[in-house]
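The values are calculated or read from the model by the stated rules, or taken from the named source; none is laboratory data. As the structure is a prediction and not an experimental result, all values here were calculated from the model. Don't worry about glycine lacking a Cβ; one is built from the backbone with ideal geometry, like all the others, and counts go over all protein chains shown.
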Amino acid sequence: MNIPTGFKTLTKVDEALKLIDERVTHKVEGYEEVEISEAMNRICYEDVISPVNVPPFNRAAMDGYAVKAEDTTSASIKNPIILKVIGCIDVGGAAGIELKPGCAIEISTGAPMPKGADAVIPYEETRRINEYIEVYSQVHPWKNVSLMGEDIKIGDIILKRGTIIRPWDIAVLASVNILKVKVLRKPVVGVLSTGSEVIEPGESIGEGKIWNSTKTMLKALILEDYGIPLDLGVVEDDENKICEKIMNALTKCDVIITTGGTSIGRSDKTVNAVKRVGGEIIFHGVSMRPGKPTAMAIVKGKPIVMLSGFPVAALTGYQNFVRRVLERICGIKFPPQPRIKAKIDRRIASQLGSREYLRVKVLRRGDEYIAIPLRLTGSGLLSSITQANGIVVIPENVEGYEEGDIVEVTLLRGVDEY
């Protein structure tokens with residue numbers, strides 16, 4: 001296969017991911033203890049052990065009568081068993097009463113089982129006659145009873161180290177009366193923009209200048225991925241200044257992202273600057289579109305991911321590689337994005353040997369989904385991101401798709417009706 005002009009060799013996406021897994025050894029260290037109400041989307045620092053049983057006592061699993069199972073032996077509609085009702089236990093109350101043979105105690109769902117009782121007979125299988133009930137079916141021991149520790153036992157691991165804490169995890173913590181939890185320190189991700197043409201939003205625009213949308217997007221992505229973005233500013237295409245920025249940031253950051261200057265043109269200085277500060281280049285040039293110039297290095301043990309300055313290419317590089325780096329340094333796995341099958345509405349050609357990330361607009365028409373391609377090329381076209389609600393990945397060994405082919409779509413947003 002002929003490699004497109006520029007790079008002598010290109011690293012395949014899967015190979016680049018494997019290299020990240022092998023070469024990224026830096027780990028985020030340290031924790032903070034937070035109230036469980038503040039633990040949402042934080043990373044659990046250590047295994048959390050339950051100090052109690054849930055439920056903390058044997059309790060009724062339905063409304064009815066607490067009984068001794070042996071007292072209901074052979075009960076049937078034709079041969080009911082007669083039991084005397086000697087009391088009532090409501091949910092939230094104490095068991096108090098001890099059940100005697102030949103007796104029953106009325107009980108509500110969730111109420112503690114009285115001493116001596118080992119089953120609950122539901123109302124619908126009985127008939128109340130003043131102080132007595134007729135029982136029309138036999139129950140076995142512990143029928144309709146939630147046993148102490150049935151849900152969680154003392155000593156059970158209720159949250160594993162590395163768990164990204166979700167609302168149901170917070171509910172589990174509350175159920176065992178754990179009010180604070182240790183969470184991993186958030187990774188600090190520095191973002192440095194390079195390019196003599198780049199200015200910050202809010203600055204006065206001049207000829208040949210562009211506002212920095214890529215860094216703004218990356219900082220938002222870092223926040224979404226449980227990190228702390230550190231804005232390292234904008235630096236012109238000058239190797240010495242890029243070197244200085246990177247060296248100053250290394251002690252503050254767990255990861256550094258740069259944007260721009262990753263290709264091999266005369267003004268592309270970033271990769272050489274990283275080499276000058278002792279960076280070991282892991283890969284430079286990936287067989288994917290958009291984002292071919294993406295590069296990665298290790299500097300003083302810290303990963304540096306060098307992304308294109310164009311927003312769409314930077315987004316593809318971030319989603320593929322920066323997220324993998326964050327997984328490695330934090331010891332986590334991000335939740336998978338939702339995927340659906342859709343019918344592509346027109347023919348799409350792609351380049352063999354390169355993995356293509358096609359932005360699509362997915363619409364629902366009746367019982368099927370339709371994927372409308374937006375742009376395959378145009379790594380600087382932000383409008384193709386905002387209009388897209390899905391991504392179709394075209395593998396390296398596929399030369400595009402024909403109209404009507406069924407493709408897998410990774411959803412970025414909700415789907416509208418056709």
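In the stretch 178-202, the residues that are free of Cβ contacts under 8 Å to residues at least 40 places away in the same chain reach residues that are of a type in the set (S, T, N, Q) with C-beta atoms within less than 6 angstrom, at least six apart or across chains, in these pairs: Glu200/Asn212.
Being surrounded by fewer than 23 Cβ atoms within 10 Å (Cβ to Cβ) and aliphatic (A, V, I, L, M) is a property that holds for Ile178. Considering (1) modelled with pLDDT under 95; (2) small (Gly, Ala, Ser); (3) within 25 Å of Leu315 (Cα to Cα), the lone condition that Gly206 does not fulfil carries the number (3). If you filter the stretch 145-202 down to residues that are under 30 Å from Gly233 (Cβ atoms), assigned to a strand (DSSP E or B) and not hydrophobic (A, V, I, L, M, F, W, C), you find that the one that is farthest from the chain's Cα centre (by Cα) is Thr194. Just to be sure, is Ile256 closer than 21 Å to Glu200 by Cα and in a strand (DSSP E or B)? Considered against the rule, which asks whether it is closer than 21 Å to Glu200 by Cα and in a strand (DSSP E or B), Ile256 comes out as yes. Can you name every residue in the stretch 293-310 that is assigned to a loop (DSSP other than H, G, I, E, B) and out of contact with any Leu (no Cβ under 7 Å at 6 or more places or on another chain)? If the condition is that a residue be assigned to a loop (DSSP other than H, G, I, E, B) and out of contact with any Leu (no Cβ under 7 Å at 6 or more places or on another chain), then Pro293, Gly301, Ser308, Gly309, Phe310 are the ones that fit. Filtering the stretch 209-252 to residues that are assigned to a loop (DSSP other than H, G, I, E, B), within 20 Å of Ser308 (Cβ to Cβ) and either of a type in the set (S, T, N, Q) or at pLDDT below 85 (or both) leaves Lys209, Asn212.
Within the stretch 47-70, if we keep just the residues that are within 30 Å of Val188 (Cα to Cα) and either surrounded by 15 or more Cβ atoms within 10 Å (Cβ to Cβ) or among the hydrophobic types (A, V, I, L, M, F, W, C) (or both), the residue that is nearest to the chain's Cα centre (by Cα) turns out to be Val48. Give all pairs with beta carbons closer than 9 Å in which a residue from the stretch 122-150 that is under 11 Å from Arg59 (Cα atoms) meets a residue that is basic (Lys, Arg) and surrounded by 16 or more Cβ atoms within 10 Å (Cβ to Cβ); count only pairs at least 6 apart in sequence or on separate chains. Correct list of pairs: Val145/Arg59; Ser146/Arg59; Leu147/Arg59; Met148/Arg59.
Within this structure, Thr251 fails the test of being buried (at least 20 other Cβ atoms within 10 Å of the Cβ), outside the structural domain of Gly162 (by TED's automatic domain parsing), of a type in the set (Ser, Thr, Tyr) and over 25 Å from Met40 (Cβ atoms). If you go through the stretch 260-284 and keep only what is closer than 12 Å to Ile298 by Cβ and not in a loop (DSSP other than H, G, I, E, B), you end up with Val274, Lys275, Glu280, Ile281, Ile282, Phe283. Here Asp268 meets each of (1) modelled with pLDDT of 95 or more; (2) closer than 23 Å to Val234 by Cβ; (3) acidic (Asp, Glu) with one exception, condition (1). Taking the stretch 311-418 as the region of interest, the strands (runs of 3 or more DSSP E) fully inside it that hold 3 or more residues being within 23 Å of Pro293 (Cβ to Cβ) are 355-365, 390-394. Take the conditions without any contact (Cβ under 8 Å) to a residue 24 or more places away in the chain and either under 30 Å from the mean Cα position of the chain (by Cα) or crowded, with 24+ Cβ neighbours inside 10 Å (or both) and apply them to Ile281. Does it pass? So Ile281 fits the description; yes. A residue that is under 23 Å from Ile43 (Cβ atoms) and at pLDDT 95 or above occurs somewhere in the stretch 131-152.
Counting only residues that are outside any strand (DSSP E or B), among the hydrophobic types (A, V, I, L, M, F, W, C) and over 50 Å from the mean Cα position of the chain (by Cα), the stretch 71-98 holds 2 of them.
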